[in-house]
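Heads up: the structure comes next, in structure tokens.
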Amino acid sequence: MKGNITEVTPPVDFGPTYRRVLRYLFPFVRFFSFAVLGFLLFALSQPAFAVLMEAFVNALDGKIVDGLYLIPAACIAIAFMRGLGSYLGSYYMAKVSENVIHAIRCDLFKNILALPIAYFDASKSGRLISLFTYNIGLMAATTSKAVTTIIREGLTVIALFAYLLYQNFQLTLIFLLLGPPLALVISWVGKKVKRLGHGIQATVGELNHVAAEVFSGIRLVKSVVAEDDSSQRFFDVSEKTKKLGLKMAKVNSIYTPLMQVLVIVGMALVMYIVLLSRDSMDSAALIAYVTAAALLPKPIRSLSGVHPQLLQGVVAASEVFKHIDYEKEIDKGSYVPDSVSGAIDFSDVSFSYAECEELILKDLNFSVAPGQTVALVGRSGGGKSTLVNLIPRFYAMSSGTIKIDGHLLEEYKLDFLRKNIAIVSQNVNLFNSSVADNIAFGLKDISMHEMKAAAKAANAHEFIEAMPEGYNTLVGENGVLLSGGQRQRLAIARAVLRNSPILILDEATSALDNESEVKVQAALDRVMKNRTTIVIAHRLSTIEHADNILVLEEGEIVERGDHAQLLQANGRYAKMIQRNFSE
Ligand code: ADP
Ligand code: MG
């Protein structure tokens, strides 16, 4: 949240964005042409009314005597044509718009899912959500309303002008003199709106972000009585949004009356010249002319009002396309062996997070034989989580190599690699779905028998059976209906069901009370058997049976060995044990 967001105005090249939207539109050209056809009918109905007026006045003058009933009949026919055209146009335009937006929305979602984890660290989730709500919303409004206006009113203006030129060429030229001043005003407002559009978008993202952050941390907010601070924070961002919105409204509301005045000045001119030339044209033709001319201001006004809206839509779209274009996770690997035995080998691995230069991991060397357990211990911030996150390639290391079964991580096909690694961390993500769905998340065709076996191994079967609807019980949003230990055991059941040869436990038991910890630990011991396990733990019970213990401090392995060896060495590990695990 640095600096003034209104200043963040990356230049937008509109051409590519338009072409991009057109490409999405292409599969629906047929609907689109129906829409244009409908709007054409609508547009033609306008000069038709003028022609009707001419006939009407001629009939009044007694110049038409026979078939008078044809005039009201034509009037009704024109009204029908106009209604039909409007219906066809709006309906097929909506069809195009909904289809295009649906396609773009799904592309956006899919592409965001394919982005590397690092992207989600940097991006505020509120900003991501507002892409779907605010940006896509604006795009939908633009494609349905603005484009409709452009086509419908554009065709109407053309039809009316054609009629006017046909009726009286010279008079109509006067109208055309209004073109240049109109164009000037339009481009001026366009530039203003283009600049404001970005600012508003950024603050709306921030609004969502602040609200999401406060609501998800509501317990903390209430417990430290930070309601006022949070409200103030929200108020500030909201106020910023309001000010920008008002600025935008100011521009928009100057715009419309300005157009109106310009158009009416033109009308007055036309009226005056019509009066001057009243001898050269018969009055029926003149009335028809003025009728058609009087129909012009409305579509022109709609047309001129559409420009800022269109620009807003394009700015929103360019932001969406930017996210669709972000570089996906790199997956050049193709190695898919029949089975993985789980030997892990780190050699000279260094790592730093993209935005900072400081090395988080420095020249790490260690290996784990298949089925063995390695424990990572050390102060928080030492780089333990970072280290394990390299194995499923959540981040790419800066230098060095990691091998599994003698093959570089990068050689493996990415989804194959990840399917062979199960991760249980302190934060368990649960979806608002049934217990069974949560355990089987990401897996297909799981039998109830397998599910129960996994739950039993995870010490979860009993409490699941005790729930009102057993495995079909809904867990509530993010599993609020479950205790910490229960959530943890569901996560372990999930890992068991995946049956991956490599298991990563990142402080899986640190948030638990003693009783649930005993249950979870028993489950873990069972699961760790026959698997290569990397465990990050605070609890002595988990660490002391590990085949190898690595003490990680500021990204370096400062001690290694098994429990007995490290106690013997009487170094940092021994001190840590004394301090933390004196119980
Ligand atoms: P540990 O798990 O041992 O507590 P971490 O691996 O979580 O340590 O963190 C190691 C260091 O990396 C810390 O200094 C932390 O601030 C930094 N860090 C962790 N995650 C990120 C991230 N996504 N982006 C930038 N820095 C990070
Ligand atoms: Mg950690």
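Values computed for the structure shown
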{"quantity": "For N472: the one exception among (1) at pLDDT below 90; (2) open to solvent by 80 Å² or more (accessible area, probe 1.4 Å)", "calculated": "(1)"}
{"quantity": "Helices (runs of 4 or more DSSP H) contained in the stretch 520-583 and holding at least 2 residues more than 45 Å from the chain's Cα centre (by Cα) and farther than 28 Å from E358 by Cα", "calculated": "563-569, 572-580"}
{"quantity": "Where E515 falls short, out of the listed (1) within 16 Å of ligand 1 (Cβ to nearest atom); (2) out of contact with any strand residue (DSSP E or B) (no Cβ under 9 Å at 6 or more places or on another chain); (3) open to solvent by 60 Å² or more (accessible area, probe 1.4 Å)", "calculated": "(1)"}
{"quantity": "Selection from the stretch 499-512 of residues that are open to solvent by 30 Å² or more (accessible area, probe 1.4 Å) and either in contact with a helix residue (DSSP H, G or I) (Cβ under 7 Å, 6 or more places away or on another chain) or within 13 Å of I421 (Cα to Cα) (or both)", "calculated": "N499, A511"}
{"quantity": "Qualifying residue in the stretch 531-544 (condition: open to solvent by 40 Å² or more (accessible area, probe 1.4 Å) and farther than 21 Å from S510 by Cβ)", "calculated": "no"}
{"quantity": "Spans of helices (runs of 4 or more DSSP H) in the stretch 101-160 with at least 1 residues of a type outside the set (A, V, I, L, M) and open to solvent by 50 Å² or more (accessible area, probe 1.4 Å)", "calculated": "117-122, 125-130"}
{"quantity": "Hits in the stretch 378-436 (condition: among the β-branched types (V, I, T) and either within 16 Å of ligand 1 (Cβ to nearest atom) or free of Cβ contacts under 8 Å to residues at least 60 places away in the same chain (or both))", "calculated": "T386, V388, I391, T401, I402, I423, V424, V435"}
{"quantity": "Breaking point among (1) closer than 30 Å to L22 by Cα; (2) open to solvent by less than 50 Å² (accessible area, probe 1.4 Å); (3) modelled with pLDDT of 95 or more, for A94", "calculated": "(3)"}
{"quantity": "Number of the condition not met by H461 [criteria: (1) touching a residue at least 12 places away in the same chain (Cβ under 8 Å); (2) under 24 Å from A523 (Cβ atoms)]", "calculated": "(1)"}
{"quantity": "Which numbered condition V320 misses (of (1) crowded, with 19+ Cβ neighbours inside 10 Å; (2) more than 16 Å from ligand 1 (Cβ to nearest atom); (3) more than 30 Å from V100 (Cα to Cα))", "calculated": "(3)"}
{"quantity": "Those residues of the stretch 361-379 which are open to solvent by 20 Å² or more (accessible area, probe 1.4 Å) and over 23 Å from M528 (Cβ atoms), in sequence order", "calculated": "K362, D363, N365, R379"}
{"quantity": "Selection count where residues are at pLDDT 90 or above and open to solvent by 40 Å² or more (accessible area, probe 1.4 Å), scope the stretch 64-82", "calculated": "11"}
{"quantity": "Subset of the stretch 559-583 (residues that are within 16 Å of ligand 1 (Cβ to nearest atom) and surrounded by fewer than 15 Cβ atoms within 10 Å (Cβ to Cβ))", "calculated": "N580"}
{"quantity": "Residues that are over 23 Å from I158 (Cα atoms) and open to solvent by 60 Å² or more (accessible area, probe 1.4 Å), drawn from the stretch 44-63", "calculated": "F56, L60, D61, K63"}
{"quantity": "Enumeration of residues in the stretch 332-360 that are open to solvent by 30 Å² or more (accessible area, probe 1.4 Å), away from ligand 1 (no atom under 12 Å from the Cβ), of a type outside the set (G, A, S) and touching a residue at least 40 places away in the same chain (Cβ under 8 Å)", "calculated": "K332, Y335, V336, D345, D348"}
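The values are calculated or read from the model by the stated rules, or taken from the named source; none is laboratory data. Please read these numbers as outputs of a predicted model, since none were measured by experiment. As a convention, Cβ positions derive from the backbone with ideal geometry for all residues, glycine included, and neighbour counts pool all protein chains shown. Keep in mind that these areas ignore ligands, DNA and RNA; they rest on the heavy atoms of the full protein, side chains included. Shrake-Rupley method; radii C 1.70, N 1.55, O 1.52, S 1.80 Å.
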